[in-house]
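Visitor: Before we start, here is the structure in question, set down as structure tokens.
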Amino acid sequence: MTASAEITPHVNAEQYKLLYAQSVKDPDAFWGEQGKRLDWIRPYTRVSDVSFAPGNVSIRWFDDGVLNVSANCIDRHLDTRGDQTAIIWEPDDPKDPALHITYKDLHRSVCKMASVLKELGVTRGDRVVLYLPMIPEAAYAMLACARIGAIHSIVFAGFSPDALAARINGCDAKVVITADEAPRGGRVTALKTNTDQALLHCDDDVKCLVVKRTGGQTTWTPRDYDYNKLAKTAADTCAPEPMDAEDPLFILYTSGSTGQPKGVVHTSGGYLAYAAMTHEIVFDYHDGDVFWCTADVGWVTGHSYIVYGPLANGATTIMFEGVPTYPDTGRFWDVCEKHGVNQFYTAPTAIRALMAAGDDPVKSYDLSSLRTLGTVGEPINPEAWNWYNTVVGGGRCPIVDTWWQTETGGHLMTPLPGATELKPGSAQQPFFGITPVVLEPTTGDVIDGNDVEGVLCIATSWPGQMRTVWGDHERFEKTYFSDYEGYYFTGDGCKRDADGDYWITGRVDDVINVSGHRMGTAEVESALVAHGRVAEAAVVGYPHAIKGQGIYCYVTLMNGEEPSEELRQELRRWVRTEIGPIASPDLIQWAPGLPKTRSGKIMRRILRKIAEDDFGALGDISTLADPSVVEDLIDNRMNRE
Ligand code: WT7
């Protein structure tokens, strides 16, 4: 492996300035060049065709080009690096052997999976839901869908059967791919049992393809197909389907401020070019490097920076089945040493949890292979940043604090290694072609100059941008393009400091960020009120030392119901089964009444303040129908520890 001192970063400070200026001055020239990172079956002649105009939002990139995403991630590397490891699979239990899957192996396995999907009747444009552990078959399934032109929609294995059913039905999936069980942190989740339960709420003709992970499969139903059996006889070649650049590659459901999660749609050409470019430039990835993103493929981070970006670049990418704390808090560093990781990308919540375990677990491993460290998902507090920098990175690895979203496909703002003077906690500068603007939240006026704060919008498109909400283009326009006309609204607030660096201040809508996962408070509320003993619920975030934000619930019980510790536990379990463990309430406060305006609107601002223990600054409560409820809520607020 090349020593860090010998690497020249792809971009230095001057080049960044120059290239950035070019990229926003003539985006078509810039992206027209970048699109050439990919192999096209038919090259594009048009680069962008975009309108952010209300009522007519349309985003198209490279739109007369034809390509296949799986061929770009696999086939085109076969001649030059067929025997190089594409994926290192690191199992949950470190005593089990890691797998080194070469590009040739990957080609064969993806073709087999594609052939099996075809046998099940999956064709171009069909939707396939993946509900899988972090096993190589998850990557095979993604790439197999891409190969035959099917659209995958991954549901994180921590989601409940109900959440899974909603997503299967939401995109009318033809097939669900699952595994018998998912080992994680020494425990197993019964994925197949969950899938069976979900499928009770789905069309009879949805098929279920079951991959063997632990051998814990118990029941087979008429709709089930045994992947391992079918793969034995399936063809190990499968021609990649020529796809239009704007054909959907995947749907990924994500929480919003209202109602049901939205199916974010990403397409083929622009998404892949953007994932590949950001993976290379932001992490300063070089040929031969071993890249590790610790996310799950159930989130966009796993899509772009475990599978699509790294494989498009011919990298060796690590897929980790486990958790940072199993069998002990040294696991991440053990894996870094074992596989000689060069770029390491994780979430602030994991860093904080590991920081709490002290320096020793880090110091017992050789981390000299590390060159770039990354974080994503939420703002990182300077204390965690400093620990990451000095203890993990030994003070020699730039940290890229990457700000982006499921909707953006890849990084939008981030420092670049070797080009940016780092500031702990700041996402700093826009990536090439990205045009952030700070707006005054109520008037929507653009705030120019530095040392300012407002809501964050993006003025122009980039190739990785989402194209629509699956089946509901109107919702797409309403959510992202109607509050601030002519701009893409991110839902985040931000500051631009005196030097022009950006600091994300968090969501300005009713979305909270729990351990780097996005959670709509409305979803938790509807789960709570679905319980027979709950009359009303309001959910807000509050500062949590490890998770970033915790889930704080105010619950009004039905007349005649008595609050009890038992009921509290029951509601917690209830939300876990309705949505999944990630939505598990941290604190539940019994609220005889909620603060409402005379028109009946819950004043969340007040609930947020009480949850944050900041009730000295409640602001004007004179518009409340019954101001006395506030006193009760303050008196009975929950202890945050
Ligand atoms: C929201 C998007 C993008 C992959 C992970 C989350 C917050 C994300 C940062 C960061 C501050 C961040 C924002 C954003 N966020 N990265 N580096 N600094 N905040 O994807 O679930 O779509 O959530 O996560 O609030 O809007 P997501």
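Quick note: the coordinates plus some simple rules give every number you see, no bench work behind them. As the structure is a computational prediction, the values presented were derived from the model and not from experiment. Don't worry about glycine lacking a Cβ; one is built from the backbone with ideal geometry, like all the others, and counts go over all protein chains shown.
Visitor: Taking Cα centroids, how far is the range 564-639 from the range 13-73 in Å?
Guide: 46
Visitor: With n ≥ 4 as the cut-off for DSSP H runs, can you work out [θ] at 222 nm for the chain, using -39500 (n - 2.57) per run divided by the number of residues, rounded to the nearest 500?
Guide: Helices in the chain give a 222 nm mean residue ellipticity of -8000 deg cm²/dmol.
Visitor: Quick check: net charge around residue 298, other residues with Cβ under 13 Å of its Cβ, Lys/Arg +1 and Asp/Glu -1?
Guide: +1
Visitor: A follow-up question, please. Given charges of +1 on the Cβ of Lys and Arg and -1 on the Cβ of Asp and Glu, with all other atoms neutral, how large is the dipole of the range 1-113 about its Cα centre, in debye to the nearest 20? List each step's numbers first, then the result.
Guide: Details: 13 positive and 17 negative charges, 60 e Å.
Dipole size: approximately 280 debye.
Visitor: Here's another thing I want to ask about it. Could you work out the local net charge near residue 378, counting Lys and Arg as +1, Asp and Glu as -1, over the other residues with Cβ closer than 11 Å to its Cβ? Write down the numbers at each step before the final one.
Guide: Values: positive: 352, 507, 518, 547; negative: 401, 492.
Summing Lys/Arg as +1 and Asp/Glu as -1 gives +2.
Visitor: Antiparallel DSSP bridges in the chain: what percent, to the nearest 5? Don't skip to the end; give the middle numbers.
Guide: Details: 58 of 98 bridges.
Of the beta bridges lying entirely in the chain, close to 60 percent run antiparallel.
Visitor: Using the Cα centre as the reference, give the magnitude of the dipole from point charges on the C-beta atoms of the chain (Lys, Arg: +1; Asp, Glu: -1; all else neutral), rounded to the nearest 20 debye.
Guide: Working: 58 positive and 87 negative charges, 224 e Å.
Around 1080 debye, computed over the chain.
Visitor: Sorting check: for 58-66, 184-192, which peptide has the highest mean count of neighbouring beta carbons within 10 Å, and how do the rest follow? The partial results should precede the final answer.
Guide: On the way: 58-66: 21.0, 184-192: 16.8.
For the peptides 58-66, 184-192, the packing ranking is 58-66, 184-192.
Visitor: How much net charge surrounds residue 265 when only other residues with a Cβ under 12 Å from its Cβ are counted (Lys, Arg +1; Asp, Glu -1)? Don't skip to the answer; put the middle values down first.
Guide: On the way: positive: 127, 262, 467, 475; negative: 246, 247, 407, 472.
Around residue 265, the charge tally is 0.
Visitor: If you don't mind, another one. Choose one of 463, 318, 575: the residue whose Cα lies farthest towards the positive end of the charge dipole of the chain (beta-carbon charges +1 Lys, Arg; -1 Asp, Glu; about the Cα centre).
Guide: Of the candidates, 318 comes out farthest on the positive side.
Visitor: Quick check: the distance between the Cα centres of the range 465-501 and the range 255-300, to the nearest angstrom?
Guide: Distance between centres, Cα-based: 18 Å.
Visitor: Could you give the distance between the Cα centres of the range 159-217 and the range 321-375, to the whole Å?
Guide: 31
Visitor: Quick one: what are the phi-derived ³J(HN,Hα) couplings along the range 330-346, Karplus 6.51/-1.76/1.60 with θ = phi - 60°, whole Hz, x for glycine and proline?
Guide: Those phi angles translate into x, 4, 4, 6, 4, 5, 4, 5, 4, 9, x, 5, 9, 10, 10, 10, 8 Hz.
Visitor: Going through the range 145-250, which chymotrypsin sites (Phe, Trp or Tyr not before Pro) have at most 14 other Cβ atoms within 10 Å and a DSSP loop state?
Guide: Values: sites: 156, 159, 220, 225, 227, 250; in loops: 156, 159, 220.
Those that pass, being in a loop and sparsely packed, are 220.
Visitor: As I understand it, the dipole of the chain uses +1 on the Cβ of Lys and Arg and -1 on the Cβ of Asp and Glu, about the Cα centre. Which of 552, 524, 150 lies farthest toward its positive end?
Guide: Result: 150.
Visitor: A further question follows. Listed highest first by mean packing, meaning other Cβ atoms within 10 Å per residue, what order do 113-124, 69-80 come in? Please list the in-between numbers first.
Guide: Working: 113-124: 19.7, 69-80: 21.2.
Final packing ranking: 69-80, 113-124.
Visitor: Beta carbons within 10 angstrom, averaged per residue: use that to sort the peptides 353-361, 594-602, highest first. Walk me through the numbers on the way to the answer.
Guide: Numbers: 353-361: 15.8, 594-602: 14.2.
Taking the mean over residues of other Cβ atoms within 10 Å, the ranking is 353-361, 594-602.
Visitor: Shape of the range 515-636 from its Cα gyration tensor (a ≥ b ≥ c, root eigenvalues): rounded if a/c is under 1.5, otherwise prolate when a/b > b/c, or oblate? Write down the numbers at each step before the final one.
Guide: On the way: a/c = 1.79, a/b = 1.24, b/c = 1.45.
Taking the square roots of the gyration eigenvalues as a ≥ b ≥ c, the range 515-636 is oblate.
Visitor: Length gain on complete extension for the stretch residue 622 to residue 559, per 0.36 nm per residue less the alpha carbon to alpha carbon distance?
Guide: Full-extension gain reported as 20.0 nm.
Visitor: So how strong a dipole does the range 515-636 carry about its Cα centre when Lys and Arg Cβ are +1 and Asp and Glu Cβ are -1, to the nearest 20 debye? Don't skip to the answer; put the middle values down first.
Guide: Working: 14 positive and 18 negative charges, 107 e Å.
With only Lys, Arg, Asp and Glu charged at Cβ, the dipole is about 520 debye.
Visitor: Taking amide H positions as placed in the peptide plane 1.01 Å from N, state which residues far from residue 323 in sequence (5 or more) or on other chains have amide H under 5 Å from it.
Guide: Excluding prolines and chain starts, which carry no amide H, the hits are 185.
Visitor: Give me the lysines in straight-line cross-link reach of residue 547: C-alpha distance below 27 Å, same-chain residues under 8 apart excluded.
Guide: 262, 363, 423, 495, 609
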